[in-house]
Amino acid sequence: MAGARHQNVMPGDVITTGPYRPEEHTVLDGKRILATAVGVSEIRDDSVRVVPLAGMYYPRVKDFVIGKVVSHTSLSWELEINSCYVGFLPASDVFGRDFSAHADDLTSHLAKGDMVAARVANFDRTRDPLLTVQDRDLGKIDIGELASLAPGKVPHLIGKNGSTIRAIEESCRATLAVGDNGWVVITADDPDGLLKAERAVRMIDEGAHEAGISERVRSMLETG
Amino acid sequence: MVHKTIIDELTRSKITKMLGDGRRADGRGMEEQRPVRIETGAIPKASGSARVFLGNTEVVAGVKIQPDRPFPDVGDRGIFICTAEILPLAHPDIETGPPNPAVIELARVVDRGIRESGMIDLSQLVLEKNKSVMGVFADNSVIDVDGNLFDACSYASTAALLTARIPKWEMRGDAPARVEGEEYDAPVTTIPASVTMAKIGDSIVVDPNQDEWSVMDARVTITTNSDGNVCALQKGGSSGFTYDELVRCSELSVSVGSRVREQIRAKGAAVRGDG
(Lines give C-alpha, C1' and ligand atoms only; values in the text may rest on other atoms or scores of the structure.)
Protein backbone atom coordinates (compact mmCIF):
# COMPACT_ATOMS: atom_id res chain seq x y z
CA MET A 1 0.00 0.00 0.00
CA ALA A 2 3.03 2.28 0.37
CA GLY A 3 2.55 5.18 -1.98
CA ALA A 4 -1.26 5.42 -1.89
CA ARG A 5 -2.53 8.96 -1.43
CA HIS A 6 -4.65 8.21 1.62
CA GLN A 7 -4.19 5.32 3.98
CA ASN A 8 -4.86 4.52 7.60
CA VAL A 9 -1.58 4.46 9.45
CA MET A 10 -0.23 3.52 12.85
CA PRO A 11 2.94 4.94 14.38
CA GLY A 12 5.93 3.31 12.66
CA ASP A 13 4.09 2.51 9.43
CA VAL A 14 5.97 3.35 6.25
CA ILE A 15 3.89 5.87 4.32
CA THR A 16 6.16 6.22 1.31
CA THR A 17 9.74 5.93 0.14
CA GLY A 18 9.36 8.57 -2.54
CA PRO A 19 11.04 11.96 -2.73
CA TYR A 20 8.60 13.78 -0.47
CA ARG A 21 9.01 16.30 2.31
CA PRO A 22 8.00 14.89 5.73
CA GLU A 23 5.55 17.20 7.46
CA GLU A 24 3.26 16.92 10.52
CA HIS A 25 3.25 13.64 12.44
CA THR A 26 5.81 12.01 10.16
CA VAL A 27 9.53 11.37 10.44
CA LEU A 28 12.19 10.67 7.82
CA ASP A 29 14.15 7.45 8.38
CA GLY A 30 16.72 7.04 5.62
CA LYS A 31 14.53 7.06 2.52
CA ARG A 32 11.39 5.97 4.31
CA ILE A 33 8.81 8.35 5.68
CA LEU A 34 7.18 6.92 8.80
CA ALA A 35 4.01 7.91 10.61
CA THR A 36 4.27 9.00 14.24
CA ALA A 37 0.54 9.08 15.01
CA VAL A 38 -2.62 7.02 14.48
CA GLY A 39 -4.46 8.63 11.62
CA VAL A 40 -4.81 9.03 7.89
CA SER A 41 -1.74 9.79 5.79
CA GLU A 42 -1.95 12.36 3.06
CA ILE A 43 0.42 12.90 0.14
CA ARG A 44 -0.09 16.28 -1.40
CA ASP A 45 2.19 17.91 -4.00
CA ASP A 46 5.67 17.23 -2.66
CA SER A 47 4.82 16.71 1.01
CA VAL A 48 3.55 13.93 3.26
CA ARG A 49 1.62 14.38 6.46
CA VAL A 50 -0.62 12.43 8.81
CA VAL A 51 -3.95 13.75 10.00
CA PRO A 52 -4.30 12.24 13.46
CA LEU A 53 -7.65 10.75 14.53
CA ALA A 54 -7.37 12.46 17.90
CA GLY A 55 -5.09 14.87 19.67
CA MET A 56 -4.55 18.48 20.48
CA TYR A 57 -4.33 21.39 18.09
CA TYR A 58 -0.97 22.31 16.62
CA PRO A 59 -1.05 26.03 15.78
CA ARG A 60 -0.25 27.33 12.34
CA VAL A 61 0.10 30.93 11.22
CA LYS A 62 -3.13 32.43 9.78
CA ASP A 63 -5.33 29.77 11.41
CA PHE A 64 -8.69 30.94 12.73
CA VAL A 65 -9.09 29.77 16.34
CA ILE A 66 -11.65 30.02 19.11
CA GLY A 67 -9.91 30.74 22.42
CA LYS A 68 -10.90 30.95 26.05
CA VAL A 69 -9.38 33.59 28.30
CA VAL A 70 -7.74 31.84 31.24
CA SER A 71 -5.46 34.53 32.62
CA HIS A 72 -3.83 37.85 31.88
CA THR A 73 -0.66 39.73 32.66
CA SER A 74 -0.35 43.53 32.57
CA LEU A 75 0.44 43.38 28.87
CA SER A 76 -1.44 40.46 27.40
CA TRP A 77 -4.17 37.86 27.81
CA GLU A 78 -3.52 34.15 27.92
CA LEU A 79 -5.94 32.09 25.87
CA GLU A 80 -6.55 28.39 25.98
CA ILE A 81 -6.77 27.22 22.38
CA ASN A 82 -7.14 23.44 22.82
CA SER A 83 -3.40 23.06 22.33
CA CYS A 84 -0.30 22.26 24.32
CA TYR A 85 0.62 25.89 23.66
CA VAL A 86 -1.06 28.87 25.30
CA GLY A 87 -2.19 31.60 22.94
CA PHE A 88 -1.06 35.13 23.71
CA LEU A 89 -3.21 38.08 22.80
CA PRO A 90 -1.35 41.36 23.36
CA ALA A 91 -3.36 44.09 25.08
CA SER A 92 -2.32 46.62 22.44
CA ASP A 93 -4.21 44.49 19.92
CA VAL A 94 -7.48 45.33 21.66
CA PHE A 95 -6.75 48.74 23.21
CA GLY A 96 -4.86 50.13 20.22
CA ARG A 97 -1.51 51.84 20.08
CA ASP A 98 -2.11 54.19 22.99
CA PHE A 99 -2.46 51.26 25.42
CA SER A 100 -1.01 51.98 28.83
CA ALA A 101 -0.22 49.12 31.17
CA HIS A 102 -0.87 51.49 34.14
CA ALA A 103 -4.09 53.15 33.10
CA ASP A 104 -5.95 50.43 31.20
CA ASP A 105 -7.64 47.52 32.92
CA LEU A 106 -7.45 44.41 30.76
CA THR A 107 -10.42 42.78 32.46
CA SER A 108 -12.67 45.62 31.29
CA HIS A 109 -12.47 44.15 27.78
CA LEU A 110 -11.87 40.46 28.29
CA ALA A 111 -12.30 38.65 31.58
CA LYS A 112 -11.54 35.10 32.62
CA GLY A 113 -13.81 32.65 30.83
CA ASP A 114 -14.64 34.95 27.90
CA MET A 115 -14.53 33.34 24.49
CA VAL A 116 -12.60 35.04 21.70
CA ALA A 117 -12.45 34.51 17.95
CA ALA A 118 -8.85 35.15 16.89
CA ARG A 119 -6.28 34.42 14.26
CA VAL A 120 -2.76 33.06 14.78
CA ALA A 121 -0.49 35.94 13.80
CA ASN A 122 2.83 34.33 14.52
CA PHE A 123 4.08 31.01 15.75
CA ASP A 124 7.29 29.06 15.53
CA ARG A 125 9.36 26.78 17.69
CA THR A 126 10.82 29.64 19.67
CA ARG A 127 7.61 31.29 20.82
CA ASP A 128 4.07 30.56 21.91
CA PRO A 129 1.36 31.34 19.38
CA LEU A 130 0.71 35.06 19.09
CA LEU A 131 -2.93 35.81 18.42
CA THR A 132 -4.63 38.81 16.89
CA VAL A 133 -8.20 40.08 16.77
CA GLN A 134 -7.39 42.79 14.25
CA ASP A 135 -9.58 41.57 11.44
CA ARG A 136 -13.15 41.34 10.34
CA ASP A 137 -15.35 39.03 12.47
CA LEU A 138 -12.70 38.61 15.15
CA GLY A 139 -13.01 39.53 18.83
CA LYS A 140 -15.08 38.61 21.84
CA ILE A 141 -17.91 36.11 21.35
CA ASP A 142 -20.95 37.10 23.42
CA ILE A 143 -23.54 34.53 22.44
CA GLY A 144 -23.63 31.00 21.17
CA GLU A 145 -22.97 27.50 22.23
CA LEU A 146 -19.59 25.85 22.38
CA ALA A 147 -19.08 22.50 20.71
CA SER A 148 -15.84 20.75 19.97
CA LEU A 149 -14.37 18.11 17.72
CA ALA A 150 -10.89 16.74 17.09
CA PRO A 151 -8.86 19.43 15.28
CA GLY A 152 -7.91 16.93 12.55
CA LYS A 153 -11.58 16.54 11.68
CA VAL A 154 -12.31 20.22 11.09
CA PRO A 155 -11.90 19.82 7.28
CA HIS A 156 -14.64 17.16 7.36
CA LEU A 157 -16.96 19.60 9.13
CA ILE A 158 -16.28 22.19 6.45
CA GLY A 159 -16.56 19.72 3.55
CA LYS A 160 -15.61 20.21 -0.09
CA ASN A 161 -15.72 23.95 -0.84
CA GLY A 162 -17.66 24.39 2.40
CA SER A 163 -20.53 22.15 1.31
CA THR A 164 -21.06 20.32 4.61
CA ILE A 165 -20.96 23.39 6.80
CA ARG A 166 -23.29 25.20 4.41
CA ALA A 167 -25.73 22.30 4.53
CA ILE A 168 -25.69 22.37 8.34
CA GLU A 169 -26.12 26.14 8.51
CA GLU A 170 -29.00 26.15 6.03
CA SER A 171 -30.92 23.23 7.43
CA CYS A 172 -30.50 24.30 11.08
CA ARG A 173 -30.81 28.05 10.41
CA ALA A 174 -27.66 28.38 12.47
CA THR A 175 -24.31 30.08 12.17
CA LEU A 176 -21.18 28.10 12.94
CA ALA A 177 -17.86 29.75 13.74
CA VAL A 178 -15.46 26.86 13.21
CA GLY A 179 -12.03 27.31 14.76
CA ASP A 180 -9.17 25.38 13.23
CA ASN A 181 -8.40 24.29 16.78
CA GLY A 182 -11.57 22.19 16.87
CA TRP A 183 -13.74 24.52 18.88
CA VAL A 184 -16.98 25.58 17.27
CA VAL A 185 -19.39 28.29 18.38
CA ILE A 186 -22.94 27.66 17.20
CA THR A 187 -25.56 30.38 17.21
CA ALA A 188 -29.18 29.78 16.28
CA ASP A 189 -32.48 31.44 17.13
CA ASP A 190 -34.32 28.14 17.11
CA PRO A 191 -33.35 25.75 19.96
CA ASP A 192 -34.15 22.69 17.81
CA GLY A 193 -31.82 23.96 15.10
CA LEU A 194 -29.13 24.44 17.70
CA LEU A 195 -29.50 20.88 18.95
CA LYS A 196 -29.45 19.57 15.39
CA ALA A 197 -26.29 21.49 14.57
CA GLU A 198 -24.65 20.18 17.75
CA ARG A 199 -25.61 16.67 16.78
CA ALA A 200 -24.08 17.14 13.32
CA VAL A 201 -20.78 18.31 14.84
CA ARG A 202 -20.78 15.35 17.20
CA MET A 203 -21.50 12.94 14.34
CA ILE A 204 -18.56 14.25 12.38
CA ASP A 205 -16.30 14.06 15.41
CA GLU A 206 -17.24 10.46 16.01
CA GLY A 207 -17.27 9.23 12.43
CA ALA A 208 -15.08 11.47 10.28
CA HIS A 209 -12.73 8.62 9.47
CA GLU A 210 -15.55 6.39 8.21
CA ALA A 211 -16.71 6.28 4.62
CA GLY A 212 -19.79 8.26 3.64
CA ILE A 213 -19.92 10.48 6.70
CA SER A 214 -21.03 13.57 4.73
CA GLU A 215 -24.00 11.67 3.32
CA ARG A 216 -24.96 10.39 6.77
CA VAL A 217 -24.83 13.92 8.19
CA ARG A 218 -26.95 15.19 5.28
CA SER A 219 -29.58 12.51 5.75
CA MET A 220 -29.68 13.27 9.48
CA LEU A 221 -30.19 16.94 8.70
CA GLU A 222 -33.00 16.18 6.26
CA THR A 223 -34.86 13.71 8.43
CA GLY A 224 -34.40 15.81 11.54
CA MET B 1 1.82 25.40 37.59
CA VAL B 2 -1.50 24.00 38.66
CA HIS B 3 -3.85 24.63 35.81
CA LYS B 4 -7.46 25.14 36.77
CA THR B 5 -10.13 24.72 34.18
CA ILE B 6 -12.13 27.88 33.84
CA ILE B 7 -15.63 27.43 32.60
CA ASP B 8 -16.31 29.55 29.57
CA GLU B 9 -18.86 32.31 29.78
CA LEU B 10 -20.99 30.82 27.00
CA THR B 11 -21.58 27.64 28.98
CA ARG B 12 -22.06 29.53 32.21
CA SER B 13 -24.72 31.82 30.77
CA LYS B 14 -26.45 28.89 29.09
CA ILE B 15 -26.67 26.95 32.37
CA THR B 16 -27.94 29.90 34.41
CA LYS B 17 -30.37 31.01 31.71
CA MET B 18 -31.87 27.55 31.32
CA LEU B 19 -32.15 27.08 35.08
CA GLY B 20 -34.07 30.35 35.17
CA ASP B 21 -36.65 28.64 32.90
CA GLY B 22 -36.65 25.55 35.12
CA ARG B 23 -34.58 23.42 32.74
CA ARG B 24 -31.12 21.90 32.86
CA ALA B 25 -28.51 22.09 30.12
CA ASP B 26 -28.22 18.33 29.78
CA GLY B 27 -31.98 17.84 29.57
CA ARG B 28 -32.45 16.32 33.03
CA GLY B 29 -35.13 17.33 35.47
CA MET B 30 -34.04 19.49 38.41
CA GLU B 31 -34.39 16.57 40.81
CA GLU B 32 -33.16 13.90 38.44
CA GLN B 33 -29.96 12.03 39.04
CA ARG B 34 -27.80 10.84 36.15
CA PRO B 35 -28.06 7.10 35.46
CA VAL B 36 -26.20 5.09 38.11
CA ARG B 37 -24.54 1.85 37.04
CA ILE B 38 -22.91 -0.36 39.66
CA GLU B 39 -20.66 -3.33 38.97
CA THR B 40 -19.42 -5.32 41.94
CA GLY B 41 -16.38 -7.56 42.11
CA ALA B 42 -14.39 -5.24 39.87
CA ILE B 43 -11.09 -6.11 41.56
CA PRO B 44 -10.70 -9.89 42.01
CA LYS B 45 -7.94 -9.63 44.63
CA ALA B 46 -9.78 -7.21 46.92
CA SER B 47 -12.04 -8.41 49.75
CA GLY B 48 -14.80 -6.35 48.18
CA SER B 49 -14.89 -3.99 45.24
CA ALA B 50 -17.21 -2.00 43.03
CA ARG B 51 -17.09 0.12 39.94
CA VAL B 52 -19.66 2.88 39.73
CA PHE B 53 -20.68 5.04 36.81
CA LEU B 54 -22.63 8.18 37.64
CA GLY B 55 -23.24 9.60 34.18
CA ASN B 56 -19.72 10.05 32.85
CA THR B 57 -18.15 10.05 36.31
CA GLU B 58 -16.45 6.76 37.02
CA VAL B 59 -15.07 5.46 40.32
CA VAL B 60 -13.54 2.16 41.38
CA ALA B 61 -13.55 1.27 45.08
CA GLY B 62 -11.67 -1.55 46.72
CA VAL B 63 -12.00 -2.85 50.25
CA LYS B 64 -9.08 -4.41 52.12
CA ILE B 65 -9.68 -6.09 55.46
CA GLN B 66 -6.85 -7.11 57.78
CA PRO B 67 -6.01 -7.21 61.51
CA ASP B 68 -4.84 -3.97 63.04
CA ARG B 69 -4.32 -2.29 66.39
CA PRO B 70 -7.49 -0.50 67.60
CA PHE B 71 -7.62 3.22 68.23
CA PRO B 72 -6.62 3.80 71.91
CA ASP B 73 -9.97 5.38 72.89
CA VAL B 74 -12.20 2.75 71.24
CA GLY B 75 -10.49 -0.56 71.92
CA ASP B 76 -13.78 -2.47 71.65
CA ARG B 77 -14.46 -1.56 68.03
CA GLY B 78 -12.90 -2.38 64.68
CA ILE B 79 -11.38 0.23 62.43
CA PHE B 80 -13.00 1.75 59.39
CA ILE B 81 -11.08 4.17 57.15
CA CYS B 82 -12.15 5.49 53.79
CA THR B 83 -9.75 7.20 51.41
CA ALA B 84 -10.08 8.78 47.98
CA GLU B 85 -7.73 9.57 45.17
CA ILE B 86 -8.27 11.15 41.76
CA LEU B 87 -6.05 9.66 39.08
CA PRO B 88 -4.18 12.18 36.90
CA LEU B 89 -5.80 10.72 33.78
CA ALA B 90 -9.25 11.45 35.16
CA HIS B 91 -9.20 15.18 34.47
CA PRO B 92 -6.79 17.74 32.99
CA ASP B 93 -6.66 19.68 36.27
CA ILE B 94 -5.45 16.76 38.36
CA GLU B 95 -1.75 16.53 39.08
CA THR B 96 0.23 13.79 40.74
CA GLY B 97 1.46 14.41 44.26
CA PRO B 98 -0.14 14.97 47.65
CA PRO B 99 -3.94 15.37 47.64
CA ASN B 100 -5.28 18.90 47.46
CA PRO B 101 -7.92 20.13 49.96
CA ALA B 102 -10.78 19.19 47.64
CA VAL B 103 -9.65 15.55 47.50
CA ILE B 104 -9.14 15.46 51.27
CA GLU B 105 -12.68 16.77 51.66
CA LEU B 106 -13.94 14.10 49.25
CA ALA B 107 -12.42 11.32 51.33
CA ARG B 108 -13.72 12.79 54.58
CA VAL B 109 -17.28 13.29 53.34
CA VAL B 110 -17.48 9.75 51.97
CA ASP B 111 -15.92 8.37 55.18
CA ARG B 112 -18.29 10.33 57.41
CA GLY B 113 -21.40 9.29 55.50
CA ILE B 114 -20.60 5.61 55.89
CA ARG B 115 -19.18 5.89 59.42
CA GLU B 116 -22.01 7.95 60.91
CA SER B 117 -24.70 5.78 59.33
CA GLY B 118 -23.17 2.89 61.30
CA MET B 119 -23.23 0.77 58.15
CA ILE B 120 -20.59 -1.63 59.45
CA ASP B 121 -21.14 -2.92 62.97
CA LEU B 122 -17.56 -2.37 64.10
CA SER B 123 -18.17 -3.99 67.49
CA GLN B 124 -18.30 -7.36 65.69
CA LEU B 125 -14.80 -6.88 64.33
CA VAL B 126 -12.88 -7.23 67.57
CA LEU B 127 -10.33 -10.04 67.94
CA GLU B 128 -9.12 -9.07 71.41
CA LYS B 129 -10.31 -5.95 73.22
CA ASN B 130 -7.80 -3.10 73.29
CA LYS B 131 -5.27 -5.27 71.51
CA SER B 132 -6.29 -6.48 68.10
CA VAL B 133 -9.25 -5.73 65.85
CA MET B 134 -10.09 -6.04 62.18
CA GLY B 135 -9.41 -2.95 60.08
CA VAL B 136 -11.64 -2.19 57.10
CA PHE B 137 -10.10 0.08 54.48
CA ALA B 138 -12.18 1.36 51.60
CA ASP B 139 -10.09 3.04 48.93
CA ASN B 140 -11.70 5.00 46.11
CA SER B 141 -9.96 5.73 42.83
CA VAL B 142 -11.66 8.23 40.57
CA ILE B 143 -11.15 7.11 36.97
CA ASP B 144 -13.15 9.79 35.18
CA VAL B 145 -14.33 13.17 36.48
CA ASP B 146 -17.65 14.61 35.39
CA GLY B 147 -18.78 16.26 38.60
CA ASN B 148 -20.28 15.00 41.87
CA LEU B 149 -17.49 12.72 42.99
CA PHE B 150 -19.00 12.67 46.48
CA ASP B 151 -21.95 10.53 45.48
CA ALA B 152 -20.04 8.35 43.04
CA CYS B 153 -17.36 7.51 45.64
CA SER B 154 -19.99 6.98 48.31
CA TYR B 155 -21.98 4.52 46.17
CA ALA B 156 -18.81 2.71 45.14
CA SER B 157 -17.56 2.35 48.73
CA THR B 158 -20.97 1.28 49.99
CA ALA B 159 -21.41 -1.33 47.26
CA ALA B 160 -17.86 -2.60 47.83
CA LEU B 161 -18.42 -2.90 51.59
CA LEU B 162 -21.80 -4.56 51.16
CA THR B 163 -20.34 -7.25 48.92
CA ALA B 164 -17.08 -7.62 50.88
CA ARG B 165 -16.09 -10.96 52.36
CA ILE B 166 -14.15 -10.64 55.60
CA PRO B 167 -11.29 -13.11 55.98
CA LYS B 168 -11.51 -14.90 59.32
CA TRP B 169 -8.73 -14.22 61.81
CA GLU B 170 -8.42 -15.40 65.42
CA MET B 171 -6.03 -14.81 68.28
CA ARG B 172 -3.39 -17.50 68.69
CA GLY B 173 -1.30 -16.65 71.70
CA ASP B 174 -0.43 -12.99 71.40
CA ALA B 175 -0.86 -12.50 67.70
CA PRO B 176 -3.77 -12.74 65.27
CA ALA B 177 -3.59 -15.67 62.86
CA ARG B 178 -5.48 -16.26 59.64
CA VAL B 179 -8.01 -19.10 59.64
CA GLU B 180 -7.35 -20.36 56.14
CA GLY B 181 -10.27 -20.70 53.79
CA GLU B 182 -12.85 -19.12 56.10
CA GLU B 183 -14.54 -15.81 55.44
CA TYR B 184 -17.86 -14.20 56.21
CA ASP B 185 -20.10 -11.37 55.05
CA ALA B 186 -19.42 -7.90 56.42
CA PRO B 187 -21.71 -7.12 59.42
CA VAL B 188 -23.89 -4.55 57.65
CA THR B 189 -26.67 -2.84 59.61
CA THR B 190 -27.87 -0.23 57.14
CA ILE B 191 -27.13 1.09 53.66
CA PRO B 192 -26.19 4.76 53.52
CA ALA B 193 -26.94 6.75 50.37
CA SER B 194 -25.52 10.19 49.81
CA VAL B 195 -27.15 12.78 47.60
CA THR B 196 -25.37 15.96 46.56
CA MET B 197 -27.33 19.03 45.56
CA ALA B 198 -26.01 22.26 44.09
CA LYS B 199 -27.42 25.72 44.38
CA ILE B 200 -27.04 27.80 41.24
CA GLY B 201 -28.68 31.21 41.56
CA ASP B 202 -32.01 30.41 43.19
CA SER B 203 -32.28 26.92 41.76
CA ILE B 204 -31.42 23.67 43.44
CA VAL B 205 -30.29 20.77 41.25
CA VAL B 206 -29.65 17.18 42.25
CA ASP B 207 -26.41 15.50 41.16
CA PRO B 208 -24.61 18.40 39.41
CA ASN B 209 -22.40 17.45 36.47
CA GLN B 210 -18.98 19.02 35.96
CA ASP B 211 -20.29 22.13 34.17
CA GLU B 212 -22.89 22.74 36.87
CA TRP B 213 -20.25 22.01 39.50
CA SER B 214 -18.07 24.77 38.02
CA VAL B 215 -20.79 27.42 38.17
CA MET B 216 -22.55 26.49 41.42
CA ASP B 217 -22.73 28.94 44.30
CA ALA B 218 -23.08 26.34 47.05
CA ARG B 219 -23.53 22.62 47.51
CA VAL B 220 -24.78 20.28 50.16
CA THR B 221 -24.20 16.55 50.48
CA ILE B 222 -26.72 14.73 52.68
CA THR B 223 -26.37 11.07 53.59
CA THR B 224 -29.37 9.11 54.78
CA ASN B 225 -29.60 5.59 56.17
CA SER B 226 -32.02 2.78 55.29
CA ASP B 227 -34.65 4.21 57.68
CA GLY B 228 -34.62 7.50 55.79
CA ASN B 229 -32.90 9.39 58.59
CA VAL B 230 -30.24 11.97 57.89
CA CYS B 231 -26.92 10.82 59.35
CA ALA B 232 -24.32 13.11 57.77
CA LEU B 233 -24.23 16.44 56.03
CA GLN B 234 -21.57 18.53 54.38
CA LYS B 235 -22.03 22.01 53.00
CA GLY B 236 -19.57 23.64 50.63
CA GLY B 237 -19.25 26.73 48.47
CA SER B 238 -19.26 30.40 49.33
CA SER B 239 -23.00 31.02 49.20
CA GLY B 240 -25.60 29.71 51.65
CA PHE B 241 -28.90 27.87 51.88
CA THR B 242 -32.07 29.21 53.43
CA TYR B 243 -33.93 27.15 56.02
CA ASP B 244 -36.62 26.21 53.51
CA GLU B 245 -34.03 25.20 50.93
CA LEU B 246 -32.30 22.91 53.42
CA VAL B 247 -35.60 21.26 54.33
CA ARG B 248 -36.26 20.74 50.62
CA CYS B 249 -32.75 19.31 50.18
CA SER B 250 -33.17 16.87 53.02
CA GLU B 251 -36.48 15.67 51.54
CA LEU B 252 -34.77 15.22 48.19
CA SER B 253 -31.91 13.31 49.78
CA VAL B 254 -34.41 10.83 51.21
CA SER B 255 -36.37 10.31 48.00
CA VAL B 256 -33.42 10.24 45.58
CA GLY B 257 -31.28 8.29 48.04
CA SER B 258 -33.89 5.55 48.47
CA ARG B 259 -33.77 4.75 44.74
CA VAL B 260 -29.99 4.40 44.71
CA ARG B 261 -30.10 2.41 47.94
CA GLU B 262 -32.37 -0.17 46.29
CA GLN B 263 -29.89 -0.48 43.45
CA ILE B 264 -27.00 -1.03 45.88
CA ARG B 265 -29.09 -3.41 47.97
CA ALA B 266 -29.89 -5.50 44.89
CA LYS B 267 -26.19 -5.77 44.08
CA GLY B 268 -25.51 -6.86 47.65
CA ALA B 269 -28.35 -9.39 47.69
CA ALA B 270 -26.87 -11.12 44.66
CA VAL B 271 -23.61 -11.72 46.50
CA ARG B 272 -24.41 -11.94 50.20
CA GLY B 273 -25.55 -15.07 51.93
CA ASP B 274 -28.28 -13.27 53.93
CA GLY B 275 -29.91 -11.89 50.77
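The values are calculated or read from the model by the stated rules, or taken from the named source; none is laboratory data. Worth saying up front: this structure is predicted, and the values here are computed from it rather than measured. All Cβ positions, even for glycine, are placed from backbone atoms using ideal geometry, and neighbour counts span all protein chains on display. Heavy atoms of the whole protein, side chains included, go into the accessibility calculation; ligands, DNA and RNA do not. Shrake-Rupley method; radii C 1.70, N 1.55, O 1.52, S 1.80 Å.
At a Förster radius of 56 Å, what calculated FRET efficiency corresponds to the Cβ-Cβ distance of B:Met18 and B:Met171, to the nearest 0.05?
Computed FRET efficiency for B:Met18 and B:Met171 comes out at 0.35.
Just tell me how shielded A:107-115 is by partners: mean number of partner chain Cβ atoms within 10 Å of each residue's Cβ, no decimals.
Mean number of neighbouring Cβ atoms from other chains: 3.
In chain B, with Lys and Arg counted as +1 and Asp and Glu as -1 at Cβ, which of these residues, B:Ala175, B:Gln210, B:Ile6, has the Cα nearest the positive end of the dipole, that is, farthest along it?
Projecting each Cα onto the dipole axis, the largest value belongs to B:Ala175.
Can you give me the solvent accessible area of A:Met56 with a 1.4 Å probe, rounded to the nearest 10 Å²?
120 Å²
Which aspartates and glutamates have a Cα lying under 12 Å from the Cα of A:Lys196, excluding residues fewer than 8 positions away in the same chain?
List returned: A:Glu169, A:Glu170, A:Glu222.
Just reorder A:Trp183, A:Trp77 by solvent-accessible area, largest first, 1.4 Å probe, all chains present.
The ranking, largest first, comes out as A:Trp183, A:Trp77.
Report the charge-dipole magnitude of chain B in Debye, nearest 20, computed about the Cα centre from +1 at each Lys and Arg Cβ and -1 at each Asp and Glu Cβ.
280 debye
Rounded to two decimals, what is the ratio between the C-alpha radius of gyration of segment B:29-272 and 2.2 N^0.38 Å?
Its radius of gyration relative to the 2.2 N^0.38 Å reference: 1.03.
Starting from one equal scatterer on each C-alpha and no solvent at all, send me the Debye-based log10 I(q)/I(0) for chain A at q = 0.12, 0.18 Å⁻¹, two decimals.
Those come out to -0.74, -1.24, one per q.
Segment B:211-274: D in µm²/s via Stokes-Einstein (Kirkwood Rh, Cα pairs, 4 °C, 1.567 mPa s)?
Estimated via Stokes-Einstein, D reaches 96 µm²/s.
Quick one: angle between helix A:213-223 and the longest Cα principal axis of chain A, in degrees between 0 and 90, rounded to 10, please.
60 degrees
Kindly compute the accessible surface that chains A and B hide from a 1.4 Å probe when together, both sides summed, and give it to the nearest 100 Å².
900 Å²
Does anyone have the angle between helix B:101-117 and the longest principal axis of chain B? Alpha-carbon axes, 0 to 90°, nearest 10?
60 degrees
Hey, quick one: spin label on B:Asn56, modelled 7 Å out along Cα-Cβ, who in segment B:110-154 has an amide N within reach, i.e. under 12 Å?
Under 12 Å, as judged by backbone N against the label point of B:Asn56, lie B:144-147 of segment B:110-154.
Taking only DSSP H segments of four or more residues, each worth -39500 (n - 2.57), what value at 222 nm results for chain A once the sum is divided by all its residues, to the nearest 500 deg cm²/dmol?
Mean residue ellipticity at 222 nm (helix-derived): -6000 deg cm²/dmol.
Hey, if you put +1 on the Cβ of every Lys and Arg and -1 on every Asp and Glu Cβ in segment B:27-186, which of B:His91, B:Pro44, B:Ser141 ends up farthest toward the positive end of that dipole?
The listed residue farthest towards the positive side: B:Pro44.
Could you rank B:Tyr184, A:Tyr57 by how accessible they are, 1.4 Å probe, largest area first?
Solvent-accessible surface, decreasing: B:Tyr184, A:Tyr57.
Which number comes out as Rg/Rh for segment B:153-232 once both Rg and the Kirkwood Rh are worked out on C-alpha atoms?
For segment B:153-232, the value is 1.24.
Which FRET efficiency value, to the nearest 0.05, do you get for A:Glu206 and B:Gln263 by plugging their Cβ-Cβ distance into 1/(1 + (r/R0)^6) with R0 = 41 Å?
The computed FRET efficiency comes out at 0.90.
Name the most mobile residue of B:Gln263, B:Gln124, B:Gln33, meaning the one with the largest mean-square fluctuation, in a Gaussian network model of chain B with Cα contacts below 10 Å.
Highest fluctuation among the options: B:Gln124.
I want to verify a result. In a Gaussian network model of chain B, Cα cutoff 10 Å, which of these has the top mean-square fluctuation: B:Phe80, B:Phe71, B:Phe137?
B:Phe71
Which of A:Ser171, A:Val185, A:Gly152 sits farthest toward the positive end of the charge dipole of segment A:84-194, with +1 on the Cβ of Lys and Arg and -1 on the Cβ of Asp and Glu?
A:Gly152
Give the distance, in whole Å, between the Cα centre of segment B:170-230 and the Cα centre of segment B:244-268.
11 Å
I want to verify the translational diffusion coefficient of the protein assembly as shown in µm²/s; compute it with Stokes-Einstein, Rh as the Kirkwood radius over Cα pairs, at 25 °C and 0.890 mPa s.
Rounded, D is 94 µm²/s.
Taking every pair of Cα atoms in segment A:1-89, average 1/r, invert it to obtain the Kirkwood radius, and report Rg/Rh to two decimals.
1.13
With springs connecting C-alpha atoms under 10 Å apart, model chain B as a Gaussian network and identify which of B:Glu32, B:Glu116, B:Glu180 has the largest mean-square fluctuation.
Ranking B:Glu32, B:Glu116, B:Glu180 by mean-square fluctuation puts B:Glu180 first.
Can you sort A:Glu222, B:Glu183, B:Glu105 by 1.4 Å-probe accessible area, starting with the largest?
My answer, sorted largest first, is A:Glu222, B:Glu183, B:Glu105.
Relative to the longest principal Cα axis of chain B, at what angle does helix B:9-20 sit, 0 to 90 degrees, rounded to 10?
Computed tilt is about 90 degrees.
Under a point spin-label approximation (7 Å from Cα along Cα-to-Cβ), what is the B:Glu183-A:Asp189 distance to one decimal in nm?
Result for the modelled spin labels: 6.5 nm.
Over segment A:6-52, what number does the Rg to Rh ratio reach, with both radii from the alpha-carbon atoms and Rh per Kirkwood?
Rounded to two decimals, Rg/Rh equals 0.89.
Of all accessible surface on the protein assembly as shown at a 1.4 Å probe, what whole percent is carbon and sulfur?
The value for the protein assembly as shown is 50 percent carbon and sulfur by accessible area.
For the protein assembly as shown, with only Lys/Arg (+1) and Asp/Glu (-1) charged at the beta-carbon, what is the dipole magnitude about the Cα centre, in debye rounded to 20?
For this selection, approximately 840 debye.
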